[in-house]
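Notes follow once the structure below has been shown.
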Amino acid sequence: RYGKPYSAIARLAEDIRPFIALSAGLDAQGFSAPKIIAADIDAGLAVIEDFGSDGVVENGAPMQERYMAAAAALATLHARALPHELPVAGEVHKIPPYDMDALLIEVELATEWYAPHVARMGVSSSAAAVFLNIWKDALAEVVAAPPTWTLRDYHSPNLIWLPEREGVKRVGMIDFQDCVLGHPAYDVASLAQDARVAVPDELELHLLSNYAITRKRIDPGFDMEAFTRAYAILGAQRATKILGIFARLDKRDGKPAYLAHMPRVRAYLMKNLRHEALAGVREWFETYLPQALQNEA
């Protein structure tokens, strides 16, 4: 980093078009995404605005004001009719759908990586097939809902506090290049059930309330009951996926530090599985992978 308002030189990805497109798209909607100062698309390099390092966590705990502002920013974004395509470098970036196939591939990570390498339990091919079918039933309603921009990694490491700005612009957003078109509850669950930071139940409820109030003020037709149901479903889907991802990071990539977050993620999973919409998923875990429903480190 070279100092605000100029920049960080970053190798973002082999294809940085999605980042450039979404950065401009978020900026056009009135949100704080790093401005692209210069880019070499072929090299995957960009000079981007430096937001600094003032985050939303202090001493390992969420800062309530900043998390609340982040929830309100999401509600404001989700209340808008957003384009499904964005211009970039004379071309068009089509935001991909967060469809059933993608969601199922993600939950499958739990049986492929978490079960054998962390739980030390085998899951038969027939049990794994049942797992996917149960999830398919549970996810059908969220897949059928009207989609919005799902930034996917809307959580503490990717939120920068910009106190000199006002309103939703106080929340600096980064790492959104994997944005897809999905249910708005996914990003809310990413924030309020942060895998790397323990979000107390009381704060989680405040975040959901703040999201609902903000969303309802902009969109009077917002259905909080349906949203709460989707929040539990996608919160459970996300926790299931993360158990598999963190196990893979340890086993395949040699990054054991991620295992420290497992108890927190399991706690989120257990909380979400209490919802009636997930009765079948809960029963499967109790039968085939009970270790995922235990709080021991």
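The values are calculated or read from the model by the stated rules, or taken from the named source; none is laboratory data. Since this is a predicted model, take the numbers as computed values, not measurements. Ideal geometry is used to build each Cβ from the backbone, glycine not excepted, and the neighbour counts take in all protein chains shown. In case anyone asks, the SASA skips ligands and DNA or RNA and just uses the protein heavy atoms, side chains included. Shrake-Rupley method; radii C 1.70, N 1.55, O 1.52, S 1.80 Å.
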For segment 15-27, state whether one or more residues are part of a strand (DSSP E or B), closer than 30 Å to residue 192 by Cβ and open to solvent by less than 30 Å² (accessible area, probe 1.4 Å). no
From 140, 129, 192, 145, grab the single residue that is touching a Leu at 6+ places or on another chain (Cβ under 9 Å) and among the small types (Gly, Ala, Ser). 192
Among the residues of segment 275-297, which ones are within 22 Å of the chain's Cα centre (by Cα) and free of Cβ contacts under 8 Å to residues at least 24 places away in the same chain? 282
Index of the failed condition, residue 230 passing every other in (1) under 18 Å from the mean Cα position of the chain (by Cα); (2) farther than 18 Å from residue 139 by Cα; (3) of a type outside the set (Lys, Arg): (2)
Collect the residues in segment 95-115 that are within 11 Å of residue 237 (Cβ to Cβ) and not in a helix (DSSP H, G or I), keeping them in residue-number order. 98
Condition broken by residue 228, with the remaining ones in (1) outside any helix (DSSP H, G or I); (2) free of Cβ contacts under 8 Å to residues at least 24 places away in the same chain satisfied: (1)
Among (1) open to solvent by 20 Å² or more (accessible area, probe 1.4 Å); (2) touching a Lys or Arg at 6+ places or on another chain (Cβ under 9 Å), there is one condition residue 229 misses while meeting the rest; what is its number? (2)
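Of these, 145, 89, 102, which one is surrounded by fewer than 21 Cβ atoms within 10 Å (Cβ to Cβ) and at pLDDT below 95?
Numbers: 145 fails: at pLDDT below 95; 102 fails: at pLDDT below 95.
Step by step, each of 145, 89, 102 is checked, and only 89 is surrounded by fewer than 21 Cβ atoms within 10 Å (Cβ to Cβ) and at pLDDT below 95.
Any chance segment 255-269 includes a residue that's among the small types (Gly, Ala, Ser), buried (at least 20 other Cβ atoms within 10 Å of the Cβ) and within 19 Å of the chain's Cα centre (by Cα)? Walk me through it before giving the result.
Our first condition is that a residue be among the small types (Gly, Ala, Ser); within segment 255-269, this holds for 257, 260, 267.
Subset that is buried (at least 20 other Cβ atoms within 10 Å of the Cβ): none.
No; the residues of segment 255-269 include none that is among the small types (Gly, Ala, Ser), buried (at least 20 other Cβ atoms within 10 Å of the Cβ) and within 19 Å of the chain's Cα centre (by Cα).
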Could you check how many residues of segment 29-54 are assigned to a loop (DSSP other than H, G, I, E, B), open to solvent by less than 20 Å² (accessible area, probe 1.4 Å) and either in contact with a His (Cβ under 6 Å, 6 or more places away or on another chain) or within 18 Å of residue 191 (Cα to Cα) (or both)? 2
Looking only at segment 55-69, count how many residues are open to solvent by 20 Å² or more (accessible area, probe 1.4 Å), not acidic (Asp, Glu) and not in a loop (DSSP other than H, G, I, E, B). 6
Quick count over segment 272-297, residues being farther than 20 Å from residue 122 by Cα, open to solvent by 50 Å² or more (accessible area, probe 1.4 Å) and either in a helix (DSSP H, G or I) or in contact with an Asp or Glu (Cβ under 8 Å, 6 or more places away or on another chain) (or both), is 1
Exactly one of 185, 212, 232 is within 20 Å of residue 110 (Cα to Cα) and of a type in the set (Gly, Ala, Ser), and that one is 232
From the list 234, 293, 278, 249, which residue is more than 21 Å from residue 186 (Cβ to Cβ) and aliphatic (A, V, I, L, M)? 293
Can you find a residue that is within 25 Å of residue 94 (Cα to Cα) and touching a Lys or Arg at 6+ places or on another chain (Cβ under 8 Å) anywhere in segment 116-124? no
